[in-house]
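J.: One structure coming up, written as C-alpha cells, with questions to follow.
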Amino acid sequence: MKITFHICFFVWLCPLFCVGQNNAVVKVKINPVFKGAELQLGKTYALNEKADSFQVTMLKFYVSNVKFINDNAVAQEEKESCHLMDAEEEERLAFSCKQIKTDKYIGIQFGIGVDSAKNNAGILSGDLDPANGMFWAWNTGYVSLKIEGNYIAKNSNKTAVDFHIGGYLSPYNTYRTVDLKFPQSRNISKKAEVVIEADVIKLFSGINLSETFHVVIPGKEAMILADNYSKMFKIISVESE
C-alpha cells in the first residue's frame with residue numbers, strides 16, 4: 001500500500017519539476033537594411049541607376065505564428081505568437097520564443113501580418129492592442145506592414161510615400177508565410193539566437209514609385225506589395241549553445 005502511494009505521489013510530482021527541462025529559449029532578431037546597408041530612419045539611400053533616392057521614416061510589421069522546423073520536417077510552434085516589429089525602437093526588433101523543444105532544427109517559418117483567426121478574435125492586447133496604430137476596422141483588420149517615407153526622383157521634389165498593407169478577407173488577404181532555411185542544421189538545447197535580415201528595397205520590386213506611392217486599403221496593389229515583403233527576409237546567422 002505504501003509503495004503504491006509513493007509511486008502515485010512521484011507520478012503526480014514529476015510533471016511539476018520536469019516542465020522546461022527539455023525546452024530552449026530562441027531569440028529571433030530582425031535587422032532592417034536598405035540594399036544591404038543598415039537602415040537608419042530619415043537617411044537618404046540611392047534607389048536605382050537613375051539616381052533616384054529614398055528615405056524611410058517609418059517601418060512597422062507583424063511577425064506571427066513562428067515555427068522552428070526540425071530535420072524531420074516537424075514544426076515546433078511558439079505559443080501566443082505575434083510580435084510587432086518597429087524600426088524606430090531597437091528593442092522592438094527582437095523577441096524570445098520560449099519552451100521550444102530541444103532538437104536539431106533546419107529552419108524557421110513565420111507569418112508577416114496577422115492571421116484571420118486573430119483578426120476575428122475581438123479586441124486584443126499587447127502587441128495587438130489597437131493603440132499601436134496597426135488596426136483599421138473590424139472588416140479590414142490589422143495592418144500587416146506599414147512603411148512611410150519619401151521618394152526623391154533625380155532633380156525633383158520629394159514625394160511622400162505611405163504603404164499601409166493589410167486586409168485578411170479573400171481575395172485580398174495580405175498575410176504571407178516566410179520559410180527560411182538555416183545555413184546548416186543546428187542542435188538547440190538551451191539558448192539560441194537567429195538573426196534575420198529584412199531588406200526594404202525588395203518591397204519596391206516592380207513598383208514605380210512615381211506612380212504608386214499611396215496604398216492604404218486592401219486591394220490589388222496591396223497584394224503585390226505583400227508578395228514583395230514575403231521575399232525580403234534572409235537568414236544571417238544562427239548561434240546556439
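J.: So for the pair residue 185, residue 25, with labels modelled 7 Å out along Cα→Cβ, what separation do we get in nm?
T.: 2.7 nm
J.: Apply the Karplus parameterisation 6.51 cos²θ - 1.76 cosθ + 1.60, with θ equal to phi minus 60°, to every residue of segment 150-157 and state each ³J(HN,Hα) to the nearest whole Hz, in sequence, with x for glycine and proline.
T.: For segment 150-157, the Karplus-derived couplings read 9, 9, 10, 6, 3, 6, 9, 7 Hz, x marking Gly and Pro.
J.: On the full set of protein chains, 1.4 Å probe, figure out the accessible area of residue 164 and give it in Å² to the nearest 10.
T.: Number for this one is 30 Å².
J.: Express the carbon and sulfur contribution to the solvent-accessible surface of the chain as a percent, rounded to the nearest whole number, probe 1.4 angstrom.
T.: Reported share for carbon and sulfur atoms: 52 percent.
J.: With θ set to phi - 60° and the Karplus curve 6.51 cos²θ - 1.76 cosθ + 1.60, what are the ³J(HN,Hα) couplings of segment 100-107 in order, to the nearest whole Hz, using x for Gly and Pro?
T.: Along segment 100-107, the couplings run 8, 4, 4, 5, 9, 10, 10, x Hz.
J.: Continuing with this model, one more query. Please tell me the relative contact order of segment 141-241 in percent, rounded to the nearest whole number, where contacts are Cα pairs under 8 Å and at least six residues apart.
T.: Relative contact order of segment 141-241: 36 percent.
J.: Now a separate question. Ignoring the sites themselves, what is the longest stretch of the chain with no trypsin sites (Lys or Arg not before Pro) in a DSSP loop and at most 14 other beta-carbon atoms within 10 Å?
T.: 80-153
J.: Turning to a different aspect of this structure: For residue 102, which sequence-distant residues (separation of 5 or more, or a different chain) have an amide H within less than 5 Å of its own amide H, given hydrogens modelled in the peptide plane?
T.: Close amide H contacts, sequence-distant or interchain: 23, 24.
J.: What percent does the relative contact order of segment 198-241 come to when contacts are Cα pairs within less than 8 Å and at least six residues apart?
T.: 58 percent
J.: Per residue, how many Å² of accessible area does the chain show with a 1.4 Å probe?
T.: Ligands and nucleic acids excluded, the figure is 54 Å² per residue.
J.: For the pair residue 195/residue 109, report the inter-label distance in nm, with labels modelled 7 Å from Cα in the Cβ direction.
T.: 2.7 nm
J.: From the backbone phi of segment 78-90, what are the Karplus-calculated ³J(HN,Hα) couplings (6.51 cos²θ - 1.76 cosθ + 1.60, θ = phi - 60°) in whole Hz, Gly and Pro given as x?
T.: Ordered by residue, 3J(HN,Hα) equals 6, 7, 6, 9, 6, 10, 8, 8, 9, 5, 6, 10, 4 Hz.
J.: What does the accessible area of residue 57 come to, in Å² to the nearest 10, when a probe of 1.4 Å is used?
T.: Solvent-accessible area, nearest 10 Å²: 70 Å².
J.: Give the lysines whose C-alpha is closer than 27 Å to that of residue 104, dropping any in the same chain fewer than 8 places away, or say none.
T.: Output for residue 104: 27, 29, 67, 79, 181, 190, 191, 231, 234.
The values are calculated or read from the model by the stated rules, or taken from the named source; none is laboratory data. As the structure is a computational prediction, the values presented were derived from the model and not from experiment. Methodologically, a virtual Cβ is constructed for each residue, glycine included, from the backbone with ideal geometry; neighbour enumeration extends over all protein chains shown. What goes into the accessible areas is simple: the full protein's heavy atoms, side chains included, and nothing from ligands, DNA or RNA. Shrake-Rupley method; radii C 1.70, N 1.55, O 1.52, S 1.80 Å.
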